Amino acid sequence: MARSEKRHPALTGERRPVIGVRVRRSSRSPRAASWRPAPHAVLEDVVLPCTWPELERLAQIATGWARARMYVRDLGGAEPDQRLVLCLRGAPGAVQVEGPLTPVADTLTARIRDAALRVAAVHRAAGHPQQAQLWRTRARRILKGSSAPAVAGACGPPRPGCAPAHLGRRRAG
């Protein structure tokens with residue numbers, strides 16, 4: 001099955017972690033999205049993606065290890081089901097989520113970890129212990145990523161008033 005043909009588990013009725021995003025629609029498709037209240041926007045439950053590369057990147061953004069924007073797009077369900085999915089840049093029909101991520105970052109990180117643990121449970125129930133262990137390890141990495149530097153020697157996510165050590169130094173010479 002090609003990547004574009006894969007269906008999101010939420011379309012099959014499986015419960016998936018969601019995060020609240022305020023969305024303004026025009027003719028059933030998202031026109032604008034925001035983490036905070038916005039004119040003519042309605043709070044919607046946006047489903048998290050189901051692939052590890054997307055979940056990992058979203059976790060890096062939520063924990064402050066990476067800087068990038070988040071987007072929402074139609075999940076592609078049947079006509080009455082107008083669910084949205086959180087995604088990264090480049091997805092067709094994606095609309096950027098405006099506003100600061102800080103107020104929802106901890107919640108988003110927890111929901112991403114929950115999504116990874118749910119995949120581990122599905123693999124465990126299907127009799128795939130190696131895959132289940134892999135997804136539990138990924139969930140643990142998300143938990144550790146929110147509190148410890150991702151790279152040995154890294155100073156961690158930027159904090160107000162704390163510039164990295166390499167900034168502000170003059171080169172000898």
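Residue separation of D45 and A66 scaled by 0.36 nm, minus their Cα-Cα distance, works out to 5.2 nm of gained length. To the nearest 10 square angstrom, how much accessible area does V122 have with a 1.4 angstrom probe? About 80 Å², ignoring ligands and nucleic acids.
The values are calculated or read from the model by the stated rules, or taken from the named source; none is laboratory data. Nothing here was measured: the structure is a model prediction, and the numbers come from that model. We work out accessible area using only protein heavy atoms, side chains counted, and drop any ligands, DNA or RNA first. Shrake-Rupley method; radii C 1.70, N 1.55, O 1.52, S 1.80 Å.
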